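For reference, the structure is listed below as structure tokens.
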């Protein structure tokens, strides 16, 4: 479905943007792939990297300097665009807590601008990246992403006669991505650390790779009928096991949970179970609106039991130390 199409990725210089764009250039023949972001230096580095890696296959690449806060610039960038992947956000929890109005401008106002640009420019598919922190949010970042998710889902109800579908993809911190715990631990290990700091020894997290994140976005692009929230079925791990896998025999310094941090990642709440369907490799939370009917349920899934919750602490799949070590050995950690 991507061959001959124009795709715009907001926040395209980030970890996800790199992986998604490389997939587009490797497996498809898009007409244009537009990176829309506000950091010209990151775009410069990315442009050189993509050219060096893909040569002539990099010809569809376009680089637009712009901020999702700027609706006029975003609308101009979306002219002739078929699909949008919305990955731009202020994501650092402490930064959002200290700069709440900035988080609102990017994560909420920016989402509104993406929706309006898609409606005005004839875009046919929009997939917005979400986060576990949008589920029962306890920090401002999570709160803004919850609002963003609601905006994208509701956008389907006022698309009118336009041929556009809005959907959401939700996952937690990507393993090895910038700002995640793995490069943080690795940096300490490289400096000669004999123990690693852990906020709480009971903490668990989901494990998802960048490739799995890209797979889920592509699935949403291909299958969404409008209003779905897609969630991968992925394994959990204990933070203490990750520390042991990265630094065998290490000491643990329990430093206390940080503000806005949760013990476990939650992707689906028990309240969402009434509209959640389970598929072979993923879950879908369907919208609960009068404009949405059960005839729009994608075939192949079954409604989960009422009260079902999908949490890293109550998962059916777990990775032990050896499995974590094997995964880490195949990763390029920066």
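The values are calculated or read from the model by the stated rules, or taken from the named source; none is laboratory data. As the structure is a computational prediction, the values presented were derived from the model and not from experiment. Note that each Cβ is placed from the backbone with ideal geometry, even for glycine, and that neighbours are counted across all protein chains shown.
Could you count how many residues in segment 217-230 are touching a helix residue (DSSP H, G or I) at 6+ places or on another chain (Cβ under 8 Å) and surrounded by 19 or more Cβ atoms within 10 Å (Cβ to Cβ)?
Summing the residues that are touching a helix residue (DSSP H, G or I) at 6+ places or on another chain (Cβ under 8 Å) and surrounded by 19 or more Cβ atoms within 10 Å (Cβ to Cβ) in segment 217-230 gives 7.
Can you find a residue that is assigned to a helix (DSSP H, G or I) and either in contact with a helix residue (DSSP H, G or I) (Cβ under 7 Å, 6 or more places away or on another chain) or farther than 15 Å from residue 91 by Cβ (or both) anywhere in segment 161-178?
no
Collect the residues in segment 198-211 that are surrounded by fewer than 19 Cβ atoms within 10 Å (Cβ to Cβ) and farther than 16 Å from residue 245 by Cβ, keeping them in residue-number order.
Those that are surrounded by fewer than 19 Cβ atoms within 10 Å (Cβ to Cβ) and farther than 16 Å from residue 245 by Cβ: 199, 200, 202, 211.
Helices (runs of 4 or more DSSP H) wholly in segment 55-136 with at least 3 residues that are crowded, with 24+ Cβ neighbours inside 10 Å - which ones?
Hits in segment 55-136: 110-121.
For residue 143, all conditions in the list (1) at pLDDT 95 or above; (2) within 18 Å of residue 17 (Cα to Cα) hold save one; what is the number of the exception?
Looking at each condition in turn, residue 143 falls short on (2).
Just name the residue that is farthest from residue 325 (Cα to Cα) out of those in segment 201-216 that are touching a helix residue (DSSP H, G or I) at 6+ places or on another chain (Cβ under 8 Å) and not in a loop (DSSP other than H, G, I, E, B).
Only one residue tops the list, namely 214.
Taking into account only those residues within segment 1-54 that are part of a strand (DSSP E or B) and touching a residue at least 60 places away in the same chain (Cβ under 8 Å), which is farthest from residue 216 (Cα to Cα)?
The extreme case among them is 6.
Within segment 157-182, can you find the residues that are at pLDDT below 95, surrounded by 22 or more Cβ atoms within 10 Å (Cβ to Cβ) and farther than 16 Å from residue 238 by Cα?
Matches in segment 157-182: 171 only.
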